[in-house]
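What follows is a short report on a single structure.
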Amino acid sequence: MKQFLMIRQSDGVVAGTALQDDPDTGPIKPQQPAQEGFDLIPFDGKFSRAGKDHCVATWDGSVVVWSADLELLRAARREQINAWWLEANGTYFEFRGARIAYGETDRVDIQGINNVVMLTGAMPANPDWPAAWKTLDNDWVPIPDVAAWVEFNIAIADRGTAHFKRAQLLKTQLEAATTAAEIEVITW
């Protein structure tokens, strides 16, 4: 079998490969002719996309040249920014100078108190309610009344807004990037 590269005529991109039976064995036509807008170029080397997920192959007339595909890199980095954003939203927020955990279980606990405050207009009457919230340092931040609870929730919203703003800023930088190196340095 002889291997051919399928080269897009408009820009030299290697779109794939095609195989042809050995023409010396008889009058056998290629198993896959080139599609319109493509050329089939005989290729004796080994062509593989393995390990080149964010690259594009082009034919320069004599060799295959691999380079970063900026749109693929942008798409991958955009997904990474969204993952960083989600991770940041699930870590902690700051309230009165203390770090408060904000993982999934923490959000459920906070929502429970929010439900009580919303339905009753007051902080929980349960004698086990500590009128405070535990910090990541294992200290307590007092939350004695609804006004403090509102401040607590505003701190959560402010942190979420800051994460949103940062993600959007990174995405703006990503769209402005013109090289693979510029995309690579965009981190949370």
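To the nearest 500 deg cm²/dmol, what mean residue ellipticity at 222 nm is calculated for the chain from DSSP H runs of n ≥ 4 alone, each contributing -39,500 (n - 2.57), summed and divided by the residues?
After summing the helix terms and dividing by the residues of the chain, the value is -13000 deg cm²/dmol.
How large is ³J(HN,Hα), in whole Hz, for each residue of the stretch 157-173 in order, when computed from phi with the Karplus curve 6.51 cos²θ - 1.76 cosθ + 1.60 and θ = phi - 60°, using x for Gly and Pro?
Whole-Hz 3J(HN,Hα) from phi for the stretch 157-173: 5, 4, 5, x, 5, 5, 5, 4, 4, 5, 4, 5, 4, 4, 5, 5, 4.
In whole Hz, what ³J(HN,Hα) sequence does the stretch 66-75 give by Karplus (6.51, -1.76, 1.60; θ = phi - 60°), x for Gly and Pro?
For the stretch 66-75, the Karplus-derived couplings read 9, 8, 5, 8, 4, 5, 5, 4, 4, 4 Hz, x marking Gly and Pro.
Please list, in order along the stretch 48-61, the HN-Hα scalar couplings obtained from phi with the Karplus expression 6.51 cos²θ - 1.76 cosθ + 1.60 (θ = phi - 60°), rounded to whole Hz, x for Gly and Pro.
8, 8, 4, x, 10, 4, 10, 10, 10, 9, 10, 9, 9, x
Collect residues whose amide H, placed 1.01 Å from N in the peptide plane, falls under 5 Å from the amide H of Tyr92; neighbours closer than 5 in sequence don't count.
Tyr102
Run a plain Debye calculation on the chain (Cα atoms as equal point scatterers, no solvent) and give log10 I(q)/I(0) at q = 0.14, 0.18 Å⁻¹, rounded to two decimals, same order as the q list.
Relative scattering, expressed as log10 I(q)/I(0), comes to -0.87, -1.13.
Quick one: net charge of Asn138's neighbours, Cβ under 15 Å, K/R +1, D/E -1?
Once all neighbours under 15 Å are counted, the net charge is -1.
Long-range amide H contacts for Arg99: which residues qualify at under 5 Å (H placed 1.01 Å from N, peptide plane, sequence gap of 5 or more or a different chain)?
Residues meeting the criterion, in which the H sits 1.01 Å from N, are Leu136, Asp137.
Read the figures in this text as sums done on the coordinates, not as results from a lab. From a predicted model like this one, the values you see are computed outputs, not experimental measurements. Quick reminder, even Gly has a Cβ in these numbers, built from the backbone with ideal geometry, and neighbours come from all protein chains shown.
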